[in-house]
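Report on one structure; see the data block that follows.
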Amino acid sequence: MRKRTGLLCDQLSRWPSLWDIVRDGGGEQHLTDLLTLLGTPDPDPTAVGLLIDAVEQACARQGLAGFSTRSESGDKFPSMTGLPPMPIPPTDVVAWTCPMDQCVRVVAPDETDGLPSCAVASGTAGGKATPMRPYKFPAL
């Protein structure tokens, strides 16, 4: 479930218009419930899976299917614009990870022009962009 949550977070962070697609497909309450659930310390994986399924079904009703199960080799939304540029990341950061420890999403510096945000954390913070947590490999 952490992988699907990470894919959802990735897509919501990259494509702000996905929020509108979910709403237009009738899944706004499911997404709100999902973000609330993921904001708790130990969310029930079954409930998370059901809510992700419901959000994905809302997207499918709008002609967008499979976002949380996409292949790792490509994006489903090549024509959408991503997040606005953010400050240049520090050079000692190797990657960014989920600030809530709810998914397996990792963003490498070459995948972003700035500081990536977490859609799940942002959703639980009333839409305020929440940056991902910087990660550095320990010194050998």
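Conditions tested, residue by residue: (1) surrounded by fewer than 16 Cβ atoms within 10 Å (Cβ to Cβ); (2) touching a strand residue (DSSP E or B) at 6+ places or on another chain (Cβ under 8 Å); (3) touching a residue at least 40 places away in the same chain (Cβ under 8 Å).
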| residue | (1), (2), (3) |
| --- | --- |
| Gly25 | no, no, no |
| Leu31 | no, no, yes |
| Thr36 | yes, no, yes |
| Pro41 | yes, no, no |
| Ala47 | yes, no, no |
| Ala54 | no, no, no |
| Cys59 | no, no, yes |
| Gly63 | yes, no, no |
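The set of residues in region 16-48 that are among the polar types (S, T, N, Q) and assigned to a helix (DSSP H, G or I) comprises Ser17, Gln29, Thr32, Thr36, Thr46. The single condition among (1) crowded, with 19+ Cβ neighbours inside 10 Å; (2) within 15 Å of the chain's Cα centre (by Cα); (3) modelled with pLDDT of 80 or more that Gly123 does not meet is (3).
Quick grid of which residues meet (1) farther than 18 Å from Thr97 by Cα; (2) basic (Lys, Arg); (3) in contact with a helix residue (DSSP H, G or I) (Cβ under 7 Å, 6 or more places away or on another chain):
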site: Cys9; (1), (2), (3): no, no, yes
site: Ser17; (1), (2), (3): yes, no, no
site: Arg23; (1), (2), (3): yes, yes, no
site: Thr36; (1), (2), (3): yes, no, yes
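Could you tell me whether region 76-84 includes any residue that is of a type in the set (Gly, Ala, Ser) and modelled with pLDDT under 90? Yes, region 76-84 has at least one match. Residues in region 8-40 that are modelled with pLDDT under 90 and farther than 17 Å from Thr130 by Cα: 4 in all.
The values are calculated or read from the model by the stated rules, or taken from the named source; none is laboratory data. Fair warning: this is a prediction, and the values are worked out from it, not measured in the lab. Note that each Cβ is placed from the backbone with ideal geometry, even for glycine, and that neighbours are counted across all protein chains shown.
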